[in-house]
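The values are calculated or read from the model by the stated rules, or taken from the named source; none is laboratory data. Every value quoted in this text rests on a predicted model; they were computed, and no experiment measured them. Counting neighbours? That spans all protein chains shown, and the Cβs are built from the backbone with ideal geometry, glycine included. Ligands, DNA and RNA are excluded from the accessible area calculation, which covers all protein heavy atoms including side chains. Shrake-Rupley method; radii C 1.70, N 1.55, O 1.52, S 1.80 Å.
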Amino acid sequence: MEFIQGHEMTVPTVELAIKSAPLEADVPMSHEYHPTEELISRAEPREELLTIAPALEPGIFEDEGRCSNDDRELGFVSISNVATEAPQPEAEQVGNLLAMLYIEESPSVDVVHDDSANLQTVSQAEAEAVQTLLVSDAHDRVIMPMARRVSRSSLPYIETRKAPVSEDMVKRVLYTYLMDPATKKNVPPSRTHGLKLDLLFILDLTGSQQPYIDSVKSSINTICTEILGSDHVNSAQPGDLRVAFIGFRDHPPQDDSFVTREWDFVSDITRIHANLRSLPGANGGGDGPEAVTAALARALTMRWRSDCNRVAVLISDAPPHGIGSQGDYWPYGVPGVSDPLDVARDMLKKKITLHFVACEPSLSRFHNALDFYRGLTRITAGIVVPLLDARVMSTCIIGSALESLAIQDLINEYRETLEELVPSREPSLVVKYLHALMHVRGRTADQLIMENIYDMSGASKENVEIWSSARSLADAKARLESYY
């Protein structure tokens, strides 16, 4: 198998809240709009809304994609002038925690066990076994569970199955817990069966994407059946899984058809199929980068339930505007559109995990794209899944969704241990200890097992850290050594 060279990138962020009018009743409908409706800058103390342009058709809004003088008076901030903004506390908090979790150099293991025998949730025998593992470094510390080897002539191996919990999954468990330890206390179970899930597909509907759109349509039954039948949900109740769609193309003048459309959450499989049938075919696009940020911002306004897990899966072969990719019509971001790093942090606050299915090899041809998406998804405790064959799309979606549910189950199961470990240890030490403890207990979890097709250099890893910790796109690009 040939390696796809990882690109180096970094991004800063600006905090923009996105508000939209409440949706009507429970009837799902397609909404088409441009994302400048009702953007508010958090730097502006007044709660003033940008007036929505008159509708051209029901649910269709017009926006020229430009920042007017009125916008500036209302306190709107475009990505191009983000670098001058004051630091965002949320950005620093997220960046500092991710840096502590993903540092390459691990502290000495003997620091981990100074008082491990005193943990109420860990037996003496377990504590001794954990220490033995850490001292000998005998347990597996791979970022993802290793897939079986395949010949170079075949496609990358990918499957969803139960496997020993990887260290990367433990990092995401701890990160999710630390970012919201109080409200993560029990996402309420659905009756007696387990967790509930709202699953949002964010689909690139530009010209190159038809095979991937068709794959989602043909595999939606399998996706729903596998999720509902998993240990995490284990339910015959269709309402325990709801599915929604957002489709996006690009902003005018790059594309004059639409920027985003939405089909809200429904649980009935017949209505899910009806929504899929109404998806426009792949068409349009423009300069390479697409209206990804507008689609992510729209995801914040969907009617997510408060008592369930929330997962969004973005599927595309293009970066958003403004990250430094070649041929970008808006190299500093689309005026009036949120900074994508801010959107990711808002998703984190709303407990929406974002996974990205990277349609390769097209995505990696864009400068900064791969590292950007790895940093973006890391902010929400999500992952990037490389896709070289549309036929395995369902595996990518099922695996990423089940991983998110597995993380919630692990938080619920190990909450008391986390409450004991966290106050007295650095996050990286908590990860090492918890990973070893799960190994001692033989804990497995549903995981997406895949062969890594990316050749990730040290510079690329550093760029991912920059994208995940930067305040804004402008901040990130200023810190990127490879930015041109």
Scanning the stretch 450-459 for residues that are out of contact with any Phe, Trp or Tyr (no Cβ under 8 Å at 6 or more places or on another chain) and buried (at least 17 other Cβ atoms within 10 Å of the Cβ) gives 456
Those residues of the stretch 376-394 which are assigned to a helix (DSSP H, G or I), modelled with pLDDT of 95 or more and open to solvent by less than 10 Å² (accessible area, probe 1.4 Å) amount to 376, 377, 379
The helices (runs of 4 or more DSSP H) lying entirely within the stretch 395-484 that contain at least 2 residues which are within 27 Å of residue 322 (Cα to Cα) are 458-469, 473-479
Subset of the stretch 414-449, residues open to solvent by 40 Å² or more (accessible area, probe 1.4 Å) and in contact with a His (Cβ under 9 Å, 6 or more places away or on another chain), comes to 439, 440
Pairing a residue in the stretch 391-404 that is farther than 17 Å from residue 358 by Cβ with any residue that is open to solvent by 10 Å² or more (accessible area, probe 1.4 Å) and of a type in the set (A, V, I, L, M, F, W, C), where Cβ atoms lie under 9 Å and the two sit 6 or more apart in sequence or on different chains, gives none
In the stretch 399-413, anything surrounded by 22 or more Cβ atoms within 10 Å (Cβ to Cβ) and within 22 Å of residue 225 (Cβ to Cβ) is listed as 399, 400, 401, 402, 403, 404, 405, 406, 407, 408
Sole miss for residue 397 among (1) within 24 Å of residue 178 (Cβ to Cβ); (2) among the β-branched types (Val, Ile, Thr); (3) touching a strand residue (DSSP E or B) at 6+ places or on another chain (Cβ under 6 Å) is condition (1)
Within the stretch 358-368, restricting to residues that are open to solvent by less than 10 Å² (accessible area, probe 1.4 Å) and assigned to a loop (DSSP other than H, G, I, E, B), the one that is farthest from residue 456 (Cα to Cα) is 360
In the stretch 405-417, anything farther than 21 Å from residue 95 by Cα and in contact (Cβ under 8 Å) with a residue 40 or more places away in the chain is listed as 405, 406, 408, 409, 410, 411, 412, 414, 415, 416, 417
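Listed here are the residues, each with its yes/no results for (1) under 18 Å from the mean Cα position of the chain (by Cα); (2) within 21 Å of residue 91 (Cβ to Cβ); (3) open to solvent by less than 10 Å² (accessible area, probe 1.4 Å).
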site: 252; (1), (2), (3): no, no, no
site: 261; (1), (2), (3): no, no, no
site: 273; (1), (2), (3): no, no, no
site: 278; (1), (2), (3): no, no, no
site: 283; (1), (2), (3): no, no, no
site: 290; (1), (2), (3): yes, no, no
site: 298; (1), (2), (3): yes, no, no
site: 316; (1), (2), (3): yes, no, yes
site: 320; (1), (2), (3): yes, yes, yes
